[in-house]
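Some notes on the structure that comes next.
Since every read-out is calculated from the coordinates, none of them should be taken as a lab result. Predicted model only: the values in this text are computed from it and were never measured. Please note: Cβ atoms are built from the backbone with ideal geometry, for glycine as well, and neighbour counts cover all protein chains shown.
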Amino acid sequence: EPDDTPAVGTPDAEFENSLRPRRLSEVVGQRKVVERLSITLDAARRRGEPLGHLLLDGPPGLGKTTLATVVPRELATDGGDGEIQYTSGPALRAPHDLVAYLTCASRGSVLFIDEIHRLPPAVEEYLYSAMEDFRVDIVMGEGTGARTVSLNIEPFTVIGATTRSGMLTAPLRDRFVNHERVEYYEVDDLAEIVRRNAVKLGLTTEGDAAQQLARRSRGTPRKANNLLRWCRDFAQVHSETGELTPTLAARALEMREVDALGLEDQDRRYLRTIIEAFVGGPVGLTTLSHALSVPTDTLEDEVEPYLLRCGLMQRTSRGRVVTPKAWDHLGLDRTTDDSS
Ligand code: ATP
């Protein structure tokens with residue numbers, strides 16, 4: 001699976017929920033996305049209309065679900081949480097799986113569809129008319145007696161999340177009036193998230209401990225949260241006061257085997273394989289996927305975007321190649337000549 005989203009109802013999901021910002025003003029970083037969203041939300045509120053359908057695009061763990069949960073709360077006029085229903089592309093196998101969500105949607109509520117690029121085509125088509133005209137066709141009865149009834153539904157908002165908007169069909173993409181791309185976070189923003197979440201977890205951080213975690217979080221809040229959780233356990237066991245000092249953070253991070261760039265085992269294995277088995281590349285994605293026993297989806301959605309951002313590899317028309325920086329980062333000797 002190209003995603004490490006914890007399953008709903010698990011302790012991991014509860015942990016993540018407890019740390020989620022509740023209002024747009026609590027969302028750290030993603031400044032431009034937040035600014036645009038706040039204007040669209042304000043306009044919708046003033047007109048008393050639902051927010052236009054919103055597509056959120058970007059690598060896993062960067063806050064797409066967080067942004068989606070904030071929207072109904074921002075629109076609620078009674079100061080409550082607003083209404084939101086959650087589902088995902090793979091969970092909606094046939095149009096009738098979608099019907100219950102659509103008919104349950106109240107005016108101005110949000111239907112969050114994770115991994116929307118994985119909707120089966122029949123469901124996707126069914127969704128179009130719901131999104132456009134707020135109507136659904138329902139088949140009543142069976143066999144020759146069956147007839148189709150067209151039903152009005154309340155105006156609502158679809159928020160679709162995807163790691164690859166390129167895989168969406170044009171008609172589906174066109175139904176989204178708002179399209180935002182979330183990017184990897186700067187270290188300072190991640191450090192701020194770590195500090196805030198440490199407070200929520202009742203953990204005191206000292207000096208540059210939060211900054212250290214932020215530097216090793218691969219630009220990803222979810223990774224930062226996971227490191228924070230590990231450091232909290234580490235401090236519980238190794239510190240008398242339970243405080244997370246810079247020294248303690250360094251020791252805890254050392255044990256997790258995330259390196260100075262935040263790369264994890266899978267990232268290093270990716271680079272090392274291209275270097276050692278394919279002399280630095282170019283190598284095709286499928287070949288690489290076989291060599292690593294990692295699905296192509298995971299490589300494209302999760303591993304490569306961050307390595308690209310770090311300037312450790314490139315996607316070329318002939319395949320994947322590592323850059324000299326990758327050799328240096330892994331401490332490997334570049335004995336082969338790449339001047340060709
Ligand atoms: P996926 O795409 O895999 O569903 P996601 O991008 O939806 O992941 P979230 O689940 O929204 O990621 O975020 C994970 C956690 O990161 C949240 O619980 C929250 O604590 C933290 N987080 C994410 N974005 C922000 C942010 N902008 N400000 C503060 N905390 C954030």
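Quick notes on this structure:
- Amide N of segment 28-60 lying under 12 Å from the label point, which is placed 7 angstrom from the Cα of Arg107 along Cα→Cβ: 48-50
- This ranking places Asp333, Asp267, Asp133, Asp301 by how few other beta-carbon atoms lie within 10 Å of each, fewest first, which gives Asp333, Asp133, Asp301, Asp267.
- A cut-off under 11 angstrom between Cβ atoms defines the neighbours of Val182, and their net charge, with Lys, Arg +1 and Asp, Glu -1, is 0.
- Distant-in-sequence amide H partners of Gly284 (H built 1.01 Å from N, under 5 Å): Arg320
- Candidates Arg268, Arg218, Arg318: whichever shows maximal mean-square fluctuation once the chain is modelled as a Gaussian network with Cα springs under 10 Å: Arg318
- Amide H contacts under 5 Å for Ile159, placed H, 5+ residues apart: Leu54, Leu111, Phe112, Ile113
- Between the Cα long axis of helix 95-104 and the first principal axis of the chain there is an angle of about 80°, rounded to the nearest 10.
- Angle between the chain longest axis and helix 265-277 axis [Cα atoms, degrees, rounded to 10]: 70
- Sequence of Cys310, Cys104 once ranked by neighbouring C-beta atoms within 10 Å, starting from the fewest: Cys104, Cys310
- DSSP beta bridge pairing in the chain, given as percent antiparallel to the nearest 5: 40
- Note on the chain: with a GNM built from Cα contacts shorter than 10 Å, the maximum mean-square fluctuation among Gly141, Gly89, Gly52 falls on Gly141.
- If you look at the Cα atoms of segment 60-149, you get an Rg and a Dmax of 15.1, 50 Å.
- Note, ³J(HN,Hα) from phi for segment 115-127, Karplus 6.51, -1.76, 1.60, rounded to Hz, x at Gly and Pro: 6, 5, 6, 9, 5, x, x, 5, 5, 4, 5, 5, 5
- Comparing Pro121, Pro59, Pro72 in a Gaussian network model of the chain, where Cα atoms under 10 Å apart are tied by springs, the biggest mean-square fluctuation is seen for Pro121.
- Helical content alone sets the calculated 222 nm signal of the chain at -13000 deg cm²/dmol, taking -39,500 (n - 2.57) per DSSP H segment of four or more residues and averaging over every residue.
- Ranked His238, His290, criterion: other C-beta atoms within 10 Å, fewest first: His290, His238
- For segment 65-72, Karplus couplings with θ = phi - 60° (6.51, -1.76, 1.60), whole Hz, Gly/Pro x: 5, 4, 4, 5, 6, 6, 4, x
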